[in-house]
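Scroll down for the structure; my scribbles are underneath it.
The values are calculated or read from the model by the stated rules, or taken from the named source; none is laboratory data. Only a predicted model underlies this, so the values are computations on that prediction, with no experimental measurement involved. In this analysis, Cβ positions are derived from the backbone assuming ideal geometry, glycine residues included, and neighbour counts consider all displayed protein chains. The accessibility values were calculated without ligands, DNA or RNA, using every heavy atom of the protein model including side chains. Shrake-Rupley method; radii C 1.70, N 1.55, O 1.52, S 1.80 Å.
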Amino acid sequence: EKGITVTVNGESVFLNYKKDSYIFVDIFNYIDFDISNAKGNIVLKLNGKDASYTDVLNNGDVIDIYWGKEG
């Protein structure tokens, strides 16, 4: 099956869209993380570095998504 496997907040996630490539924002289709109910500033990390929603994902990437402190 076409797709890539990434690690999100310590969990292995298989992205199985019928796509040629995946971007960071695609991950929200696969994980339970409510971005509509903000609990501070959202922190996005890709392989330990700050990420943006349009960053390209690759097989084996490590993603961290969590709420940072407000302000």
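Filtering region 54-71 to residues that are under 20 Å from Glu11 (Cβ atoms) and assigned to a loop (DSSP other than H, G, I, E, B) leaves Asp55, Asn58, Asn59, Gly60, Asp61. Quick one: count up the residues across region 38-51 that are open to solvent by 50 Å² or more (accessible area, probe 1.4 Å) and not basic (Lys, Arg). Counting residues in region 38-51 that are open to solvent by 50 Å² or more (accessible area, probe 1.4 Å) and not basic (Lys, Arg) gives 6. Applying the condition of being surrounded by fewer than 10 Cβ atoms within 10 Å (Cβ to Cβ) and small (Gly, Ala, Ser) to region 1-37 and asking which residue is nearest to Trp67 (Cα to Cα) yields Ser36. Close Cβ contacts (under 7 Å, 6 or more residues apart or on different chains) running from residues in region 17-36 that are more than 17 Å from Ala51 (Cα to Cα) and in a loop (DSSP other than H, G, I, E, B) to residues that are of a type outside the set (Asp, Glu) and open to solvent by 60 Å² or more (accessible area, probe 1.4 Å) comprise Lys18/Lys2.
Screening region 1-16 for residues that are polar (S, T, N, Q) and outside any strand (DSSP E or B) and picking the one that is farthest from the chain's Cα centre (by Cα) gives Asn16. Screening Leu57 against (1) without any contact (Cβ under 8 Å) to a residue 40 or more places away in the chain; (2) open to solvent by less than 60 Å² (accessible area, probe 1.4 Å) leaves a single unmet condition, (1).
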